[in-house]
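Contents: one structure, followed by commentary.
The values are calculated or read from the model by the stated rules, or taken from the named source; none is laboratory data. Computed from a prediction, not measured in an experiment: that's the story for all the values here. Glycine gets a Cβ as well: all are built from the backbone with ideal geometry, and neighbour counts include every protein chain shown.
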Amino acid sequence: MEVTVRGSFCAVPRLVAKLRFAAVTLEIILLLPLCFEAGNAIVVENQHEWHNHERTDQKISSHSCIHDQILEQRRRPGHKVYLVTPQVYQESSIPKPLHRKGRALLGLSDSAHQQKDAKQPIRIYLNYDAVGHSPDRDCRNVGEIVKLGEPPVNSLPDSPSCNAHGDPPVFSDCWYNCTLDDISGEDKQHRLRKALGQTVDWFRRALAVEPVRGNLRLSGYSACGQDGGVQLPREYVEDGVADADLVLLVTTRPTTGNTLAWAVACERDQWGRAIAGHVNVAPRHLTAEAETLLSATLVHEVMHVLGFDPHAFAHFRDDRKRRRGQVTEQVMDEKLGRAVTRVVLPRVVMHSRFHYGAFSENFTGLELEDGGGRGTSGSHWEKRLLMNEIMTGSVDTRSVVSKMTLALLEDSGWYEANYSMADRLDWGRNQGTEFVTSRCDQWKGAYHCNTTQFSGCTYNREAEGYCPIVSYSGDLPQWARYFPQSNKGGQSSLADYCTYYVAYSDGSCTDANSARPPDRMLGEVRGSSSRCMASSLVRTGFVRGSMTQGNGCYQHRCVNNSLEVAVDGIWKVCPDAGGPIRFPGFNGELICPAYHELCSTSSARVVGQCPNSCSFNGDCVDGKCRCFLGFRGHDCSKRSCPGNCSGRGRCLRNGVCQCQDRYTGVDCSTEVCDEQCSLHGGVCDNGKCEFRCSDYAGYTCQNSSSLLSSLSVCQDVLEVDKLGQQHCAPSEPSILQQLEEVVVMPNYHRLFPGGARKLINNLFNKHYDCDTAAKKLACWHGLAL
């Protein structure tokens, strides 16, 4: 959660700082308030808004993600983190289907052995059946009390009461008092469908996936998702979902604080990819004012479902389609003075290097968030390093999708990313290895400020800004003390309390509507081609106020490999490395930025760069390319068949392996599993079906004989199938018994209803095999046996 403290600093409109000139013949004195309360000032860094340029709701200017909090709740004893349901892909090779009718879990068409297709745009199917249809969780009337999270079992329906502003605040596992804004009427539902439709379309263009053959198959053995989840429609379980690679079940349940929405995966395929998820959008944020913010929020939350999730990291695949040995590393960083977690995935590291210009061996990975409290640490990028990237812990209308986020999803082994869908992230661009590895009080230029007395330019030069320094009521962590006073620091806990220039509410250089009367006296012009530059210019006949050196907004253009700047319609060429220039009719000087700051469309030349950027098929370290598997050459531009396709495939002319049946991966070295093992909740890894008890909270591996005394319905299932093997089961016998009562029995009756039992008994005078099969499936999925 983003923590912003309203303290001693002032969020000041740019106009105040600019009124520092006086006429020689007539002194102009303009008295304006010097300080506005931080809560009343809309701080805008003026980067591109998400998808369009509408203004955001001033009451909610950002979304605070609670994904880590949801993951923590899903780790409670007896809660399954996810279910595994096998799918049929082109490379699948199964002797025969498990069923010919009904769910047709492993149905395989005759064309399954044809050459596998390339990845196709991901097909996300939205289901709105549950919107407004959860009596104890959806707000349908004003004053209604509903559950938010899981309130204590024996609590009254008003205690504890949800209160985001309480002391301490109560955000979840509480009872929520519904207001009119929390009811999802027709207008809100229309906005919901429009926003989610745009989100699905964006991902269709951004990600490709190996398409599911036939219908997407879901288990439906338990509710999908969080806060009671959503029960899958019967037809999804029996027939599957056509033309889908991922199903998102949508709800409109209330949230607290600045959380607009949340989302979580609930089913995965045999390779670990999410195939079903639950997305919840709070009705009170389905407004015209919040439309732009909601668009960015939904992209952020669906990213969590797709794989930006610490739990999903355990199932990431390498290019051979085997579980990755390492996705993150935790180290004690002596420079930063604390332990950090970094993502060390190959494409994430590669694109991070090119973004920051960090080609040194010292850069080993990109940090994950470790602060912010409720729901943000661990499943987001570190805001200090990526600022307005969409997968930091707080989202606003300026959030952008970087290549690093798309690279993380591609490094999962499940997707192919379309990097042309990435936005330009300016924060940290070409700042070098030291920017990523050093404390922020060591940063240079507009990335660091240490006084509130002077204004400056924001890091991207798109606005004039101020330096917000907060005096907190208590001491900051030792590693975040950048001032002699231990309680002073920046305004954002997510950004590690770093201090940097933040745009004035009216300080935009790129917005022509931000123009003010003093601009003409100072030679300034605002518009799309204007940028912030240090300046002491003032028109002849006028003088500046108390500060002779300040900053202003001036037009610029890039012509013939030169940066040119205009003042009062007169264009002048700047020194290539930046420096002062003067203009006729003005006293003072303008300090030009370096050419590469504003004009270079490609990465500035940084020490350690590699030829042809390694064709983005390898990691660049100290000027040398380290090619990814399947690529070769000094710039990794040539394809190759690794290990001659391991003797299990044919090397095509384009250097790509065509694998034999039952083998997959870039070098055909990985064996495909028989999907029947996934009925036990297993995940395939090189021909073996793995099951990890760590996927279930409160579960341990136990011998079947030790479980028999605690079971009734599932006892005979274990006796038949035990074979002396280990099973994953709750550590507490009482939980095992409760699960049998509340999960296994309902699933058993749903799979083999009483009417069917009676009919079969009358016809055959026995339960036949249906009873055994239904009981076995119910026990397997209900208890993870």
Might you let me know whether segment 552-571 holds any residue that is among the basic types (Lys, Arg) and under 23 Å from HIS596 (Cα atoms)? yes
Review point. When you look at LEU345, is it under 22 Å from CYS627 (Cβ atoms) and outside the structural domain of VAL212 (by TED's automatic domain parsing), yes or no?
Key: yes
Condition first: hydroxyl-bearing (Ser, Thr, Tyr), farther than 27 Å from THR664 by Cα and at pLDDT below 80. Can you find one or more residues in segment 143-161 that meet it?
yes
- Query: Would a scan of segment 443-454 turn up a residue that is farther than 25 Å from GLY550 by Cα and not assigned by TED's automatic domain parsing to the domain that holds VAL212?
  - Reply: no
Among the residues of segment 260-311, the number that are within 15 Å of the chain's Cα centre (by Cα) and aliphatic (A, V, I, L, M) is 16
How many residues of segment 187-201 are out of contact with any Ser or Thr (no Cβ under 8 Å at 6 or more places or on another chain) and either among the polar types (S, T, N, Q) or crowded, with 17+ Cβ neighbours inside 10 Å (or both)? The answer is 2
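Per-residue answers, yes or no, for (1) outside any loop (DSSP other than H, G, I, E, B); (2) in contact with a helix residue (DSSP H, G or I) (Cβ under 7 Å, 6 or more places away or on another chain):
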| residue | (1), (2) |
| --- | --- |
| LEU249 | yes, no |
| ARG253 | no, no |
| THR259 | no, no |
| GLN270 | no, yes |
| VAL279 | yes, yes |
| ALA288 | no, no |
| ASP319 | no, no |
| VAL331 | yes, no |
| ARG342 | yes, no |
Notebook entry, point to check: Looking at segment 205-216, is at least one residue within 21 Å of MET303 (Cβ to Cβ), out of contact with any Asp or Glu (no Cβ under 7 Å at 6 or more places or on another chain) and in a helix (DSSP H, G or I)?
Noted result: yes
Across segment 579-598, the tally of residues that are on the phi > 0 side of the Ramachandran plot and crowded, with 18+ Cβ neighbours inside 10 Å stands at 1
Over segment 483-519, the set of residues on the phi < 0 side of the Ramachandran plot, crowded, with 21+ Cβ neighbours inside 10 Å and in a loop (DSSP other than H, G, I, E, B) is GLY490, GLN491, SER492, SER493, LEU494, ALA495, CYS498, THR499, TYR500, TYR501, CYS509
Can we say GLU210 is in the same structural domain as ILE122 (by TED's automatic domain parsing), at pLDDT 90 or above and over 25 Å from LEU286 (Cβ atoms)?
yes
Selection over segment 447-470 where residues are surrounded by fewer than 18 Cβ atoms within 10 Å (Cβ to Cβ) and either polar (S, T, N, Q) or not in a loop (DSSP other than H, G, I, E, B) (or both) yields a count of 4
State whether one or more residues within segment 336-352 are buried (at least 22 other Cβ atoms within 10 Å of the Cβ), under 19 Å from TRP443 (Cα atoms) and not charged (D, E, K, R). yes
Result of the Cβ filter at 7 Å on segment 412-423, keeping first residues that are touching a residue at least 60 places away in the same chain (Cβ under 8 Å) and partners that are of a type in the set (Phe, Trp, Tyr), at least 6 apart or interchain, is SER412/PHE316; GLY413/PHE316; TRP414/TRP271
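Is there a residue in segment 289-301 that is touching a residue at least 12 places away in the same chain (Cβ under 8 Å) and under 22 Å from VAL84 (Cα atoms)? Can you show your working first?
First pass over segment 289-301, keeping only residues touching a residue at least 12 places away in the same chain (Cβ under 8 Å): 289-301.
The next check asks that each one be under 22 Å from VAL84 (Cα atoms); those that pass are 301.
There is at least one residue in segment 289-301 that is touching a residue at least 12 places away in the same chain (Cβ under 8 Å) and under 22 Å from VAL84 (Cα atoms).
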When SER529 is run through (1) at pLDDT 95 or above; (2) farther than 30 Å from ASN388 by Cβ, the failure sits at (2)
Among the residues in segment 472-483, are any touching a helix residue (DSSP H, G or I) at 6+ places or on another chain (Cβ under 9 Å) and over 27 Å from ALA358 (Cα atoms)? yes
Original post:
Does PRO160 meet the test of being over 30 Å from ALA274 (Cβ atoms) and without any contact (Cβ under 8 Å) to a residue 40 or more places away in the chain?
Top reply: yes
The condition of being surrounded by 24 or more Cβ atoms within 10 Å (Cβ to Cβ) and either of a type in the set (Ser, Thr, Tyr) or within 30 Å of THR292 (Cβ to Cβ) (or both) holds, among VAL395, VAL400, only for VAL395
When ASP181 is run through (1) surrounded by 21 or more Cβ atoms within 10 Å (Cβ to Cβ); (2) not in a strand (DSSP E or B), the failure sits at (1)
When segment 534-578 is checked residue by residue, the ones that are outside any strand (DSSP E or B), over 20 Å from GLU462 (Cα atoms) and among the hydrophobic types (A, V, I, L, M, F, W, C) are MET547
_Any residue at all in segment 653-664 that's within 30 Å of ASN362 (Cα to Cα) and either assigned to a loop (DSSP other than H, G, I, E, B) or not assigned by TED's automatic domain parsing to the domain that holds GLU210 (or both)?_
no
Answer yes if at least one residue in segment 352-369 is part of a helix (DSSP H, G or I), touching a residue at least 12 places away in the same chain (Cβ under 8 Å) and basic (Lys, Arg), and no otherwise.
-> yes
Residues of segment 130-146 being surrounded by 15 or more Cβ atoms within 10 Å (Cβ to Cβ) and farther than 23 Å from PRO233 by Cα, in sequence order, are GLU144, ILE145, VAL146
